[in-house]
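Undergrad: First, the structure itself, so that you have it in front of you.
The values are calculated or read from the model by the stated rules, or taken from the named source; none is laboratory data. Remember, it's a predicted structure, so these values are computed and weren't measured experimentally. Counting neighbours? That spans all protein chains shown, and the Cβs are built from the backbone with ideal geometry, glycine included.
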């Protein structure tokens, strides 16, 4: 039997997630001073290799960083019954969390050592319900604008069939962490 394109894409997504999970370190945090001494690339590369602790929140919600480059960040997670609301679908906060994370991290990838950020606003538009049956989903964030004091980013949440579940945009305030 010949593998379909969808089956191959799904297999690739699951393999990428397994590989990323195998490299991640235990959950933990760094001090602002420690973070401020690293470039964004060093920070994310060291988290991705397990040299630095992985963010505890990712373990709680069960999503992982897969890819990052200046201006772009990709997370993957697989929603399940732990993420459900009382109405039998994944809570909207799950989608909002993944989008907030990928957009904020996309901004972070373009910051200089000594800079940080915080979300000033978050706008999410839901396209369709998320259920455990959809399998893995990806949240991809991209920077739209990076200024001296603010940055704008947008994100999309989609599945292996490229079906869109939600889109978002954010404004982030850029902070000096060295003070």
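Undergrad: What about residue 17, is it out of contact with any strand residue (DSSP E or B) (no Cβ under 9 Å at 6 or more places or on another chain) and modelled with pLDDT of 95 or more? Working first, answer last.
TA: On the way: out of contact with any strand residue (DSSP E or B) (no Cβ under 9 Å at 6 or more places or on another chain): no; modelled with pLDDT of 95 or more: yes.
Considered against the rule, which asks whether it is out of contact with any strand residue (DSSP E or B) (no Cβ under 9 Å at 6 or more places or on another chain) and modelled with pLDDT of 95 or more, residue 17 comes out as no.
Undergrad: Confirm whether residue 96 is over 11 Å from the mean Cα position of the chain (by Cα), more than 27 Å from residue 176 (Cβ to Cβ) and touching a residue at least 40 places away in the same chain (Cβ under 8 Å).
TA: no
Undergrad: Enumerate the pairs (first residue in region 154-177 and free of Cβ contacts under 8 Å to residues at least 60 places away in the same chain; second residue anywhere and assigned to a loop (DSSP other than H, G, I, E, B) and buried (at least 19 other Cβ atoms within 10 Å of the Cβ)) with beta-carbon separation below 9 Å, excluding pairs fewer than 6 apart on the same chain, so at least 6 apart or on different chains.
TA: Within 9 Å, the pairs are 159/130.
Undergrad: Applying the selection to region 108-145, what residues are surrounded by fewer than 18 Cβ atoms within 10 Å (Cβ to Cβ), in contact (Cβ under 8 Å) with a residue 60 or more places away in the chain and farther than 28 Å from residue 37 by Cβ?
TA: 135, 136
Undergrad: While we're looking at this one, here's another question. Count, please, the residues in region 15-70 that happen to be in contact (Cβ under 8 Å) with a residue 24 or more places away in the chain, surrounded by 15 or more Cβ atoms within 10 Å (Cβ to Cβ) and outside any helix (DSSP H, G or I).
TA: Total meeting the criteria: 12.
Undergrad: Which residues, counting only those in region 57-98, are at pLDDT below 95 and under 23 Å from residue 39 (Cα atoms)?
TA: Across region 57-98, the qualifying residues are 57, 58.
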